Amino acid sequence: MKTEKNNGIVYLVGAGPGDPGLITLRGVECLCRAEVVVYDYLANEQLLNFAPNEAERIYAGKIGGRHNQDQSEINRILVEKAGEGKTVVRLKGGDPFVFGRGGEECEALAEGGITFEVVPGVTAGVGAAAYAGIPLTHRDYTASVAFVTGQEGKGKDESAIDWERLSLGSGTVVFYMGITTLRRNMERLLEHGRSPQTPVALVRWGTTPEQQVLTGSLADIADRVEQAGFKPPAVVIVGEVVGLRDKLRWFDTRPLFGKKILVTRAADQAGEFCTILSERGATAIECPTIKLEEPEEWAPMDAVIKQLAGYDWLVLTSGNAVRNLFRRMETLGLDARCLAGCRVCAVGPKTAEAMAAFGIRPDLMPSDYKAEGVVAEFAKLDLTGSRILFPRADRAREIIPRELERMGAHVDSPVAYRNILPDRLPPEALFALEKRSVDCITFTSSSTVENLAGMLGGDLMVNMLKGVTVASIGPVTSRTCHELGLKVDIEPPRSTLAELTAAIERYFHAASSIGR
Ligand code: SAH
């Protein structure tokens with residue numbers, strides 16, 4: 001018998017400096033197929049969401065030089081897991097081969113006969129400089145840049161760094177791990193001839209919403225760091241190019257930079273609002289207040305699906321209804337052909353788009369994308385004696401079946417999916433509320449407020465939102481907020497997400513001018 005081939009592999013993936021959008025496409029591909037992920041403190045944990053749920057996640061955290069797990073222990077795990085035939089991703093902050101001990105890990109893999117691939121990442125020096133508005137090279141200032149470890153020579157008398165060349169030969173110098181040793185390293189540059197006026201910037205948690213930048217000169221930066229109590233992780237950028245930051249800042253000047261905003265949302269408004277807020281600089285935390293579930297029993301849906309040929313019309317008013325209908329048809333061994341004899345109505349373009357994925361084009365779509373619009377369109381037809389199928393949500397309004405029956409149709413409306421309250425808030429949202437680090441919460445419909453109160457209990461909601469700015473999309477939602485004991489701070493003149501965002505910006509801008 002042939003023994004099975006061992007296909008284990010380790011991908012050393014650079015996670016980038018913090019902003020999860022800065023990982024490479026190749027890095028994401030590797031994460032998507034990982035069976036084991038071994039990740040670092042500096043790698044953004046959100047990236048773990050790309051890995052399959054069942055993938056084993058191992059934290060190899062090294063916090064500020066205190067090694068939670070010895071490097072040899074990490075090497076051993078990598079060799080062992082890949083040796084079992086597994087696909088392993090070693091997710092490392094920044095780039096694996098820049099001060100990341102990626103070289104050592106690869107040596108261990110090579111010695112263990114393990115196949116590996118290295119996926120580069122945006123290293124912190126490059127990422128943090130970009131997000132601080134500091135070009136590392138610039139034709140008017142410098143043609144070279146050096147990446148240096150700040151820890152080198154710690155505890156050693158002799159430094160392997162040629163300080164004289166570094167001071168005078170390299171235009172821009174970027175120190176990694178250089179906060180605790182800052183004073184000594186700045187002195188060395190001065191001792192070797194660099195001008196005391198040379199500008200210096202420290203970028204902490206670069207590329208993330210927590211980014212902090214401290215600037216000064218070679219002569220005074222160490223004192224400033226002490227005064228400000230500035231802590232790692234940060235890169236230290238030394239060179240004339242630092243002066244360009246005043247002109248080129250773009251990230252930490254965004255209108256909502258540093259603001260943590262909780263976005264309560266109904267299921268169909270997927271991420272859109274969060275994207276708008278993030279682009280304005282906020283940290284948007286999604287907080288779904290509706291969860292979609294299968295019907296409690298499929299029998300009523302199955303019965304109508306088996307008799308689809310007997311219907312004149314199929315009416316669909318949400319993408320969820322479309323998807324659940326077609327999935328169920330598939331489970332029963334059927335496909336779109338059983339809709340051949342019936343006409344199809346979609347409530348609006350989103351629903352039509354969901355149908356298109358299953359190869360169906362609607363025969364009818366109202367101009368007013370609501371239940372009332374559907375009723376108005378059908379009122380133009382003679383429905384006497386016709387049979388209509390309307391798969392719907394459990395808590396849907398009765399208007400469609402009621403009105404169509406009134407027009408003489410026979411309507412079957414089995415439950416295709418349920419809208420239920422999620423059991424709890426996402427951990428990230430709960431954590432932020434408990435830490436009282438949320439600046440603003442947004443409500444975009446009455447149901448988002450009601451459901452949040454339903455999930456937390458009204459009293460607890462009011463209590464947890466003390467001190468949090470409340471932004472409501474319009475008067476109806478605001479009324480629900482008041483009824484449930486919340487004071488509304490922000491309400492835009494018109495009820496759109498863009499106007500709500502603009503109103504939030506105005507509010508925080510005014511608040512910061514008062515504070516100044
Ligand atoms: N392989 C990593 C570096 C690991 S060494 C890379 O290529 O980026 C750890 C050091 O990287 C920290 O001490 C700090 O100097 C720097 N660093 C990592 N992430 C950072 C961030 N988001 N902002 C600023 N510095 C960061």
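The values are calculated or read from the model by the stated rules, or taken from the named source; none is laboratory data. Nothing here was measured: the structure is a model prediction, and the numbers come from that model. In this analysis, Cβ positions are derived from the backbone assuming ideal geometry, glycine residues included, and neighbour counts consider all displayed protein chains. Ligands, DNA and RNA are stripped out before the accessible areas are found, and what is left, the full protein with its side chains, is counted by its heavy atoms. Shrake-Rupley method; radii C 1.70, N 1.55, O 1.52, S 1.80 Å.
What is the magnitude of the charge dipole of the chain about its Cα centre, with +1 placed on the Cβ of each Lys and Arg, -1 on the Cβ of each Asp and Glu, and no other charges, expressed in debye to the nearest 20? Please report the intermediate quantities before stating the final value.
On the way: 59 positive and 67 negative charges, 135 e Å.
The calculation lands at about 640 debye.
Using 0.36 nm per residue of separation minus the Cα-Cα distance, give me the extension gain between Arg402 and Ala299 in nm, one decimal.
34.8 nm
Rounded to the nearest 0.05, what FRET efficiency do Arg101 and Arg424 have when you use their Cβ-Cβ distance and R0 = 41 Å?
0.60
With the crude spin-label approximation of a point 7 Å out along Cα→Cβ, what separation in nm comes out for Ala379 versus Arg494?
Label at Ala379, label at Arg494, 2.7 nm between them.
Mind ordering 380-386, 115-121, 84-90 by average Cβ neighbours within 10 Å, highest first?
Going by the mean number of other Cβ atoms within 10 Å, highest first, we get 84-90, 115-121, 380-386.
Could you please tell me the mean projected area of the C-alpha convex hull for the chain, averaged over all directions and given in square nanometres to one decimal?
Approximately 32.7 nm², given one-decimal rounding.
On a full-extension model of 0.36 nm per residue, what is the gain between Trp250 and Arg183, subtracting their alpha-carbon distance, rounded to one decimal in nm?
21.2 nm
Would you please give the residues with an amide H less than 5 Å from that of Phe116, counting only those at least 5 places away or on a separate chain, with H modeled from the backbone geometry?
The answer is Val10.
Which distance in Å, rounded to a whole number, links the C-alpha centroids of the stretch 29-49 and the stretch 170-226?
31
Set the Förster radius R0 to 35 Å, insert the Cβ-Cβ distance between Leu292 and Glu56 as r into 1/(1 + (r/R0)^6), and round the FRET efficiency to 0.05.
0.75
Can you give the extra length, in nm with one decimal, that the chain gains between Lys435 and Asp162 once fully stretched, where that is 0.36 nm per residue apart less the Cα-Cα distance?
93.7 nm
With a cap of 15 neighbouring Cβ atoms within 10 Å, and only residues DSSP puts in a loop, list the GluC sites (Glu not before Pro) found in the stretch 281-373. Write down the numbers at each step before the final one.
On the way: sites: Glu286, Glu293, Glu296, Glu297, Glu330, Glu353, Glu372; in loops: Glu296, Glu297.
Listed in order of number, the matching sites are Glu296, Glu297.
Give, rounded to the nearest 20 debye, the magnitude of the charge dipole that the stretch 270-322 has about its Cα centre when Lys and Arg contribute +1 at Cβ and Asp and Glu contribute -1 at Cβ.
160
Answer rounded, prolate or oblate for the stretch 293-419, using the Cα gyration tensor with square roots of eigenvalues a ≥ b ≥ c: rounded when a/c is under 1.5, else prolate when a/b is larger than b/c, else oblate.
On the way: a/c = 1.34, a/b = 1.32, b/c = 1.02.
Rounded is the answer for the stretch 293-419, as its axis ratio a/c remains below 1.5.
Out of the DSSP beta bridges found with both residues in the chain, what percent are antiparallel (nearest 5)?
Counting only bridges with both partners in the chain, antiparallel ones make up about 30 percent.
Set the Förster radius R0 to 51 Å, insert the Cβ-Cβ distance between Arg224 and Ser367 as r into 1/(1 + (r/R0)^6), and round the FRET efficiency to 0.05.
Here the calculated transfer efficiency is 0.25.
Where the only charges are on Cβ atoms (+1 Lys, Arg; -1 Asp, Glu), what is the dipole of the stretch 293-419 about its Cα centre, to the nearest 20 debye? Spell out each step's value before the answer.
Values: 17 positive and 19 negative charges, 37 e Å.
Here the size comes out at about 180 debye.
Apply the a/c threshold of 1.5 to the C-alpha gyration tensor of the stretch 9-122 and tell me whether it is rounded, prolate or oblate.
It is rounded, given that a/c, with a ≥ b ≥ c, falls under 1.5.
Just for the stretch 314-412, what percent of DSSP beta bridges are antiparallel, to the closest 5? Mind dumping the intermediate values first?
Values: 0 of 8 bridges.
Here the antiparallel bridges make up roughly 0 percent for the stretch 314-412.
Just report the Cα centroid separation between the stretch 377-443 and the stretch 291-333, whole Å.
The distance from the Cα centre of the stretch 377-443 to that of the stretch 291-333 comes to 15 Å.
Using helices alone, I'd like the mean residue ellipticity at 222 nm for the chain: each DSSP H run of four-plus residues gives -39500 (n - 2.57), total over residue count, nearest 500. It would help to have the intermediate numbers written out before the result.
Numbers: 19 runs with 176 residues, N = 516.
Dividing the helical sum by the residues of the chain leaves -9500 deg cm²/dmol.
Rounded to the nearest whole Å², what accessible area per residue is found for the stretch 9-122 with the 1.4 Å probe? Before the final figure, lay out each step's value.
Details: 5110 Å² over 114 residues.
Ligands and nucleic acids excluded, the result is 45 Å² per residue.
Going down the list Lys306/Lys380; Lys259/Lys435; Lys260/Lys435; Lys231/Lys260; Lys259/Lys291; Lys231/Lys466, which pairs span over 18 Å between their C-alpha atoms?
Lys306/Lys380; Lys231/Lys260; Lys259/Lys291; Lys231/Lys466
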